[in-house]
Amino acid sequence: MDEDARFAAARERMVADQIAGRGISDAAVLRAMRLVPRQHFVPESERPYAYDDTPLPIPAHQTISQPYVVAYMIAALGLGPDDRVLEVGAGSGYAAAVLSRIVGEVYTVERHPELVDYARARLAALGYDNVHVHQGDGTRGWPEHAPYDGIIVAAGGPAVPESLRAQMAVGGRLVMPVGRSRQQQHLVRVTRRAEGGMREEKLAPVAFVPLIGDEGW
Ligand code: SAH
């Protein structure tokens, strides 16, 4: 078997065991996880572990999230093909690539210039041309393209930034790790209700890298 075929087989196993096997049933999420080659989003030295059940190191002391966590957060947003999504924390670009196979347009903000280049290079090489990467403080969102049907925050902060709440469409959802400490958070889902106000739900306990910025740590 050549290398691509081996990675494809490992990816099928990952989806079966780690994602579908743990109860994620959203067909669009499963399909997207089957399509995106995670080995191209991790550094060369981590490629053998690309489909392991774990986060992995990427440049600037950041991490590419565990595949299950990526699938869980995206499934929690309940997205459809015409949706527009904002991601805070592009990192490697992997989650943005997965999102791009599910929705119409993906806008992703990353604070580290080194990772902006890293994510852009990979997304361009693989042809994910409905993903737009911006360098800046994602706690402020990306107001030019708001409102968003879904917002996914890939780093943990002390509270949901007001700027992100303000950029949610009516009926839109936001998923973010929120916690008082920089080490431990709970995933929180916020829904902007059509009748006004926000619904907030606490999902699972998680551990993410910190969200650094004006409305973060
Ligand atoms: N979604 C990424 C995981 C990235 S880890 C992937 O699939 O690889 C979280 C990322 O959030 C890191 O790259 C970190 O630099 C970034 N980050 C932290 N605070 C941020 C902020 N205020 N704005 C934008 N990005 C931020």
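The values are calculated or read from the model by the stated rules, or taken from the named source; none is laboratory data. This structure is a prediction, so every number in the text was calculated from the model and none was measured. Every residue, glycine as well, gets a Cβ built from its backbone with ideal geometry; the counts of neighbours run over all protein chains shown. Quick note on the areas: whole protein, heavy atoms, side chains included, nothing else; ligands and nucleic acids left out. Shrake-Rupley method; radii C 1.70, N 1.55, O 1.52, S 1.80 Å.
Taking region 74-87 as the range and being open to solvent by less than 10 Å² (accessible area, probe 1.4 Å) and either β-branched (Val, Ile, Thr) or part of a helix (DSSP H, G or I) (or both) as the test, the residues that pass are Ile74, Leu77, Val85. Just one of the listed residues (Ala5, Ala60) is touching a His at 6+ places or on another chain (Cβ under 8 Å) and either assigned to a loop (DSSP other than H, G, I, E, B) or over 25 Å from His186 (Cα atoms) (or both), namely Ala60.
For region 136-177, a residue qualifies if it is open to solvent by 30 Å² or more (accessible area, probe 1.4 Å) and under 23 Å from Ile58 (Cα atoms), and exactly one does: Asp137.
Across region 153-180, what is the total count of residues that are more than 17 Å from Glu201 (Cα to Cα) and within 18 Å of the chain's Cα centre (by Cα)? Going through region 153-180 one residue at a time, the tally reaches 3. Taking each residue of region 23-48 that is farther than 17 Å from Ala90 by Cα and β-branched (Val, Ile, Thr) and looking for partners that are at pLDDT 95 or above and open to solvent by 50 Å² or more (accessible area, probe 1.4 Å) with beta-carbon atoms closer than 6 Å, six or more apart or interchain, yields nothing. Reported count of residues in region 111-138, each being out of contact with any Gly (no Cβ under 7 Å at 6 or more places or on another chain), within 14 Å of Gly213 (Cα to Cα) and either free of Cβ contacts under 8 Å to residues at least 24 places away in the same chain or near the ligand (Cβ under 8 Å from one of its atoms) (or both), is 2.
The rows are residues; the columns are (1) in contact with an Asp or Glu (Cβ under 7 Å, 6 or more places away or on another chain); (2) modelled with pLDDT of 95 or more; (3) in a loop (DSSP other than H, G, I, E, B).
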residue: Glu144; (1), (2), (3): no, yes, no
residue: Ile151; (1), (2), (3): no, yes, no
residue: Val170; (1), (2), (3): no, yes, no
residue: Met176; (1), (2), (3): no, yes, no
residue: His186; (1), (2), (3): no, yes, no
residue: Ala194; (1), (2), (3): no, no, yes
residue: Arg199; (1), (2), (3): no, yes, no
residue: Asp214; (1), (2), (3): yes, yes, yes
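Here's a check for you: in region 38-51, which residue that is assigned to a loop (DSSP other than H, G, I, E, B) and within 13 Å of the ligand (Cβ to nearest atom) is most open to solvent (accessible area, probe 1.4 Å)? Applying the filter and picking the extreme gives Pro43.
Pick out the one residue from Thr108, Thr54 that is more than 16 Å from Phe208 (Cα to Cα), modelled with pLDDT of 95 or more and either in a strand (DSSP E or B) or of a type in the set (Val, Ile, Thr) (or both). Talk me through it step by step, then tell me what you get.
Working: Thr54 fails: more than 16 Å from Phe208 (Cα to Cα).
From the options Thr108, Thr54, the qualifying one is Thr108.
Against the condition open to solvent by less than 20 Å² (accessible area, probe 1.4 Å), over 20 Å from Leu174 (Cα atoms) and of a type outside the set (Asp, Glu), how does Leu123 come out, does it pass? So Leu123 fits the description; yes.
From the list Gly141, Gly150, the lone residue that is within 16 Å of the chain's Cα centre (by Cα) and away from the ligand (no atom under 13 Å from the Cβ) is Gly150.
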